[in-house]
Amino acid sequence: MPDRRRIERLCVLAALVILAPTVLAQDYPSRPIRLIVTTPPGGLVDLLGRMLALPLGERLGQPVVVENRSGGTTHIGVETVVRAPADGYVLLVGTSEMTMLPALKKKYPYDPLKDMTPVALVANSWTVFAVNPKVPVNTLPELIAYAKAHPGTIRYGTNGIGSSLHIVVEMLRMKADIDLVHVPYKGGAQAAVDAVSGQIEMASLGIASSVPRRSQLRLLAQTGPTRHPLLADVPTTAELGIPEVTMNTWFGVMGPANMPVAIVTRLAQAIEPGTRDPAFKEKLFGIGCDVSWMPPAGFASYIGEEIRKWARIVPAVGIAPED
């Protein structure tokens, strides 16, 4: 017969393994949490992360410290989180570009679903097509007509190859069958500056970058489902007859793979009240974003849909995957 005491010990160990995540969640958090941002200080993702950090820390009872890990088209920041223990003390401000990169890189090392844990979708924003006032067009249809008549003369700037701001113009280029020349920058701010100065004719910008320059640039269209109130006089691409040219840039909180369900739930419950706070909504609105709450399960499904969508779109617009 098996040793009774040995069986009892094994039963106790099994119970401890089963109860460990619950016990861990009850004590969570017991120290500061690192919130990784994949861009330098001052950018949209950084600002959003800092807006999240303070109220989230207050609800959790521990500081949430924003840590900028930029570079490698989000690779450095994502890797920091992927390699971290799955205990909820290292989190990421994830963006929609994470779902584009698998289609843009032949050997992209991370799967946003397999290698990470979705916690909550928090906000979204969209893109604006803007031109230097010296370009003789006032509307997006006029830009398309001008580009057809003058192929290769419209240079457009974005915040980099494979970014959402790049892909959406390539969607426009493919749909309208026009010849546009991409000029990638290290950040959208420099693209806007060069569009204002006339170094390039066009820029693909986020709403936050567009609003303060609306007196210096001609804003032709925005790519969201409706007109953003900050740009109520700028039509959407859907209104202009090209609904296929759309770009919704999302922002959410993610963690390492296999985070305990109890901790994910704890985090989501701490994040959700902030998305209903009028002050938080107003701050987001000020940087060109809108609240877009989604809990863990819904966020995971949404990420899966986005991965499949970009796997179709990126090859269709002619962007070849990089090594």
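The values are calculated or read from the model by the stated rules, or taken from the named source; none is laboratory data. All figures in this text were calculated on a predicted structure; none of them were measured in a lab. Quick reminder, even Gly has a Cβ in these numbers, built from the backbone with ideal geometry, and neighbours come from all protein chains shown. Accessible surface is based on the protein model in full, side chains and every heavy atom, while ligands, DNA and RNA are left aside. Shrake-Rupley method; radii C 1.70, N 1.55, O 1.52, S 1.80 Å.
Scanning the stretch 207-234 for residues that are open to solvent by 30 Å² or more (accessible area, probe 1.4 Å) and over 22 Å from the mean Cα position of the chain (by Cα) returns 213, 214, 215, 216, 218, 232, 233. Considering only residues in the stretch 242-289 that are outside any helix (DSSP H, G or I) and without any contact (Cβ under 8 Å) to a residue 40 or more places away in the chain, the one that is nearest to residue 307 (Cα to Cα) turns out to be 243. Taken as a whole, the structure leaves residue 238 outside the set of residues that are surrounded by 16 or more Cβ atoms within 10 Å (Cβ to Cβ) and in contact with a Gly (Cβ under 7 Å, 6 or more places away or on another chain). The C-beta contact set for the stretch 132-160 (first residue on the phi > 0 side of the Ramachandran plot, second residue surrounded by fewer than 16 Cβ atoms within 10 Å (Cβ to Cβ) and at pLDDT 95 or above, distance under 7 angstrom, 6+ apart or interchain) comprises 152/179; 152/181. With respect to the conditions (1) open to solvent by 10 Å² or more (accessible area, probe 1.4 Å); (2) part of a strand (DSSP E or B), residue 204 lacks only one, and its number is (1). If you go through the stretch 124-167 and pick out every residue that is modelled with pLDDT under 95, closer than 20 Å to residue 230 by Cβ and either out of contact with any helix residue (DSSP H, G or I) (no Cβ under 7 Å at 6 or more places or on another chain) or among the aromatic types (Phe, Trp, Tyr) (or both), you end up with 2.
If you filter the stretch 134-160 down to residues that are in a loop (DSSP other than H, G, I, E, B) and among the β-branched types (Val, Ile, Thr), you find that the one that is surrounded by the most Cβ atoms within 10 Å (Cβ to Cβ) is 135. Can you find even one residue in the stretch 294-305 that is open to solvent by 30 Å² or more (accessible area, probe 1.4 Å), at pLDDT 95 or above and part of a strand (DSSP E or B)? Within the stretch 294-305, one or more residues are open to solvent by 30 Å² or more (accessible area, probe 1.4 Å), at pLDDT 95 or above and part of a strand (DSSP E or B).
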